[in-house]
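To start, the structure itself, in structure tokens.
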Amino acid sequence: MKQVKILIALMVLSIASIKGQGITKKDYERAVSYLYANYNNKKVFNLDTQINWFEDNSGFWFVDYNEEGGFYKAMDISNYNIGFLFDHSGIAKEINELSKKETKANQLELYDIKRPKEGQLSFAHDGKSYVLDLSTYKLQENTDEEEEENDFESKSPNGEWIAFTKDYNLYIKSTKTGQKHQLSFDGRKNYEYGTWYGWYDKMEGENGDRPERFTVNWSEDSKWISTNVVDLRNAEKMYLLDYSIDSLFRPKLWSYYRGSPGDTTMVHVKPVFFNVKDKSEVPTDLPRGTHINSVSVEFMEQPNAALAYYLERGFKKGYVKQIDLKTKDIKTLVTESSKTNIDNFNYRYLREKNKLIFLSERSGWRQLYLFDLLTNKTTPLTSGNYYISGIEHIDQNNETVYFLANGKEKGNNPYHNQLYKVNFEGKVTLLTPELVDHDISFSNDGKYFVDSFSTVNTPTKTVLRRAESGEIIKQIAEANISKAISEGWKAPEAFEFTAKDGKTTLYGAIWKPTNFDASKSYPLIDHTYTGPHTHMFPERFASAFRNQALAELGFIVMQVDGLGTSKRSKAFHDHSYKNMGNNLEDHVLAIKYLGSKYSWINTDRVGIFGHSAGGFDTGRAMLAFPDVYKVGVASSADHDFRMEKAWWPEMYQGWPVDSTYHKVSNITNAKNLKGKLLLVHGGMDENVNPSATFKLAEALIKEDKEFDLLILPSQRHGYSGKYRSYFMKKRWNYFVEHLKGETPIWNFEW
């Protein structure tokens, strides 16, 4: 009997010991300490130093952070000296006296800092504008009466005319005589001149008015006007119900114009031109487009000429054209085509050189091309198996283009940007040889650039460099992570594995908790967003803490890019075309790879979360790979592309809409759910309408599947304030309860 009692006692102690290993408030406290608002420039400093160049090219200002606070500094470009931008105590005292509020010298929040005159500094603080006299340190609220801009008028460059709209038609008015001239005559409600389509334009009720919009462009010689006719006559709407208004006891209906894939009942936009001298419209053969492929117009340096760029619907063919407004002739300058989609075309008009610089993937990689408007000749400026991320600066005088590219240098991660320059003869020069990622900010005159370079596990250094050579002139700031390191923090671990094609190298990173113990077994959570218009590999140190909060609750968190995402070759990107339902296949391979490499990763307990397109991924993971992914949190997700905004699915899932849309829909695959799924959506989301989340919920109910649903009635596509905190607590605890199998804690200090 005595032995039995001892055995029972040992069992009780063992159970108590197991329960004692469950999640604690201290775990939540650590997690909270690694939220962005709590670690950025509080626990770790200068991860991402923002450079603000002065317009007069005299230098730049930035904020240098340490444990004592943030301090505004400036570099004098004439001698490269760095000093305080002002006396922090003096300016805080002046602000406090004027505002009647207490602001500490080390906690100033100033923005829009400028040097309007010699010896003066202007800035904004707490919604007000101020001017500081640097000799007397007297601060005055900026009450200079500037000419108020009328958002619904536009003055010509020569100052002689004002363009405006009345009764949906375009007019001009002489600034000398006040005489008005009507330029268009067939405008009416829902067929409107001089306006634009606002993506987030909501209307109250079914027949409410659209927010008033106005836009025109003047040629530099003031002889021509370009604008749009926005045709809403056959456009269909999407709807939202706002249940969150305290003073109302029934929901408020909101509507907005938005086309879905395959729709013809969309907002249409037509470019129009007017001759100011003749007070007449200039007809052209430029097409009327939908709101997802409308024509953009830019006047040229030469008289009577304009450039137009547009993509045909389906995004497989695009054009840059030149319009002669005198003769009405239209000449095609650049034609871009693709068997899949045109996702990364971009051009710049070089007014001084009468040339175009454009970025194209026509070679299979995104490269730079030069088009001469005099000879109609296109010349490749760059070539090779690497991806040009973007143009950073163009020096027209010296015929030099500065650009960021990734994947060019051997030994560097293919997601890391490096800065190059190329002249119009095609000679390419590397300016930032360090095999890391480079974030660049050019001076206005192009003589210098500030380079913040890092990797996900190499802290940021910010330096000033000479544009001509890339020579480092001076260090400006450096990340300080000593406090995080003292707490046991370690940088995310980057990893490589082979894609589903059996040959392509893919890249990812994992985050561990600061109290990581290799003898334990950790669930793995996939933080997903398969794009395809973006990527997830964290190339910079500013991203090194992105998933740390969740990891602190006892998880390994993974981010990875599979085939079909951006910033690699066109062939790499095209893996996702009409195939977005299979974007997670490489994620599954990454999970298997990590599980085979690390004994402390438990691939029997895998979770996933994502927002927007990442929310679709989450639903897809739970329905297409139910034996791999056991717990998912899908927020603001586009669960069925047929219910989405038109441009994104038509770009990547194809147009016209076909059976592949049905095949990849989470709604039509609801029967496959096995694990625990939490669906979350903002009730006022006009980006990804909540209807698809409701429709998925309906499908899951019909299939008798257990799931959870959280609607944040007042929230839009992104969640803010209290609602964001609430959502994050729900997401954390959903994984704690269902992936770790532990009892979550709700009431902890945020």
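The values are calculated or read from the model by the stated rules, or taken from the named source; none is laboratory data. All of these numbers come straight from a predicted model, not from anything done at the bench. FYI the Cβ positions are ideal-geometry reconstructions off the backbone, even for glycines, and counts take in every protein chain you see. With ligands, DNA and RNA removed, areas are computed over all heavy atoms of the protein, side chains included. Shrake-Rupley method; radii C 1.70, N 1.55, O 1.52, S 1.80 Å.
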Report task. Show which lysines lie in cross-link reach of residue 117 when reach means a straight Cα distance below 30 angstrom and same-chain residues fewer than eight apart are skipped. Result -> 73, 93, 100, 101, 104, 128, 138, 155, 447, 474
Report task. Only loop residues by DSSP count here, and only those with at most 16 other Cβ atoms within 10 Å; note down the trypsin sites (Lys or Arg not before Pro) in the range 239-281 that meet that. Result -> 277, 279
Query raised in the report: For the pair residue 372 and residue 750, how long in nm is the line joining their label points, each one 7 Å along Cα→Cβ?
Result: 6.3 nm
Query raised in the report: Which percent of the accessible heavy-atom area of the range 178-241 goes to carbon and sulfur, probe 1.4 angstrom?
Result: 42 percent
Query - Ellipticity estimate at 222 nm from DSSP helix runs (n ≥ 4, -39,500 (n - 2.57)) divided over the chain, nearest 500 - result: -5000 deg cm²/dmol
Query raised in the report: Given R₀ = 60 Å, FRET efficiency for residue 244-residue 468 by Cβ-Cβ distance, to 0.05?
Result: 0.60
Report summary line: Between residue 672 and residue 135, the two model label points (7 Å from Cα along the beta-carbon direction) sit apart by a distance in nm of 7.5 nm
Report summary line: Carbon plus sulfur, as percent of the 1.4 Å-probe accessible area of the range 400-492, comes to 45 percent
Requested in this report: Enter the Cα centre distance for the pair the range 243-263 and the range 422-452, rounded to the nearest angstrom.
Outcome: 47 Å
Report summary line: In the neighbourhood of residue 364 defined by beta carbon distances under 15 Å, the net charge of the other residues (Lys, Arg +1; Asp, Glu -1) is +3
Report summary line: In debye to the nearest 20, the charge dipole size for the chain, taken about the Cα centre with +1 at each Lys and Arg Cβ and -1 at each Asp and Glu Cβ, equals 2260 debye
Query raised in the report: Of 339/408; 408/570; 490/630; 166/189; 630/730, which ones are farther than 19 Å apart at the Cα?
Result: 339/408; 490/630
Query - Answer label for Kirkwood radius over Cα pairs in Å (calculated), chosen among (1) 27.2; (2) 29.4; (3) 30.4 - result: (2)
Report summary line: Counting only protein heavy atoms with a 1.4 Å probe and every protein chain in place, the carbon and sulfur fraction of the accessible surface of the range 262-305 in whole percent equals 42 percent
Query - Extension gain (nm, one decimal) between residue 40 and residue 363, 0.36 nm per residue minus Cα-Cα - result: 112.1 nm
**Report entry** Antiparallel bridge percentage (DSSP; both residues within the range 180-273; nearest 5)
**Finding:** 100 percent
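Return a whole-number percent for the relative contact order of the range 104-189, with Cα pairs under 8 Å and 6 or more residues apart as the contact set.
After rounding, I find 13 percent.
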Report summary line: Whole-Hz Karplus couplings 3J(HN,Hα) for the range 723-740, θ = phi - 60° and coefficients 6.51, -1.76, 1.60, Gly and Pro as x, run 5, 5, 4, 4, 4, 5, 4, 4, 5, 4, 6, 5, 6, 4, 6, 9, 9, 8
Query - Kirkwood hydrodynamic radius (C-alpha pairs) into Stokes-Einstein, the range 319-464, 4 °C and 1.567 mPa s, D in µm²/s - result: 78 µm²/s
Query raised in the report: With θ set to phi - 60° and the Karplus curve 6.51 cos²θ - 1.76 cosθ + 1.60, what are the ³J(HN,Hα) couplings of the range 118-123 in order, to the nearest whole Hz, using x for Gly and Pro?
Result: 4, x, 10, 9, 10, 7
Report summary line: the range 233-298: relative contact order from alpha carbon pairs under 8 Å, six or more residues apart, as a whole percent, is 26 percent
Query raised in the report: For the chain, what is the relative contact order in percent, using Cα pairs closer than 8 Å and at least 6 residues apart in sequence?
Result: 9 percent
Report task. Would you mind working out the accessible area per residue for the chain, using a 1.4 Å probe, and quoting it in Å²? Result -> 46 Å²
**Report entry** Backbone HN-Hα couplings from phi across the range 678-685 [Karplus 6.51/-1.76/1.60, Hz, Gly and Pro as x]
**Finding:** 10, 9, 10, 7, x, x, 10, 7
